[in-house]
Amino acid sequence: MLYLAIEIFVSLMAAALLGGIVGWILRGRYNARAGARLQRSARAPRRAVVEAEPISNTMALDDDTAPMATVHDDLKKIHGIDHKLERALNELGITSYEQITRLKEDDIERLAKAIGSFPDRIHRDDWIGGARREYMVKYRHSIRFN
């Protein structure tokens, strides 16, 4: 009887190990295919997702201190922003963490309207705080506000 229990236990462990290995391999192949699909779709030109007045790259900055944004940060690292929202933000001219951190309340309302969302989503998901954190991680210093 003890022999049978040990044999069942060993068989279950072998099956679990084999299943884990097969799942790990399949997940890697799925992720590789999904990444290739994203790269293909990024190359294809797309029409604008939203029809709204464009939000300038410097919408929350003073005119005399507002450099044109040339940095393209990975906005998907901010909680609540997926690849579709990132694409919509980029089409509106928002490409960097710094631009998001400098959003003011009226900018948030215009932005939410432009992307078809509610302003409280931007607050609830804390895009501004997330952008500050990601800026710190990437650039190793905090954003200086004038």
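The values are calculated or read from the model by the stated rules, or taken from the named source; none is laboratory data. Because the structure is predicted, anything quoted here is derived from the model rather than measured. Every residue, glycine among them, receives a Cβ derived from its backbone with ideal geometry; neighbour counts consider all protein chains shown.
Yes/no matrix, rows are residues, columns are (1) under 21 Å from Asn90 (Cβ atoms); (2) modelled with pLDDT of 80 or more; (3) of a type in the set (D, E, K, R):
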residue: Leu4; (1), (2), (3): no, yes, no
residue: Val10; (1), (2), (3): no, yes, no
residue: Leu17; (1), (2), (3): no, yes, no
residue: Arg27; (1), (2), (3): no, no, yes
residue: Asn31; (1), (2), (3): no, no, no
residue: Arg43; (1), (2), (3): yes, no, yes
residue: Arg47; (1), (2), (3): yes, no, yes
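Of the residues making up the stretch 81-90, those that are under 19 Å from Pro119 (Cβ atoms) and either surrounded by 15 or more Cβ atoms within 10 Å (Cβ to Cβ) or of a type in the set (Phe, Trp, Tyr) (or both) are Ile81, Leu85, Glu86, Ala88, Leu89. Restricting attention to the stretch 74-121, the residues that are among the charged types (D, E, K, R), closer than 19 Å to Val137 by Cβ and in a helix (DSSP H, G or I) total 4.
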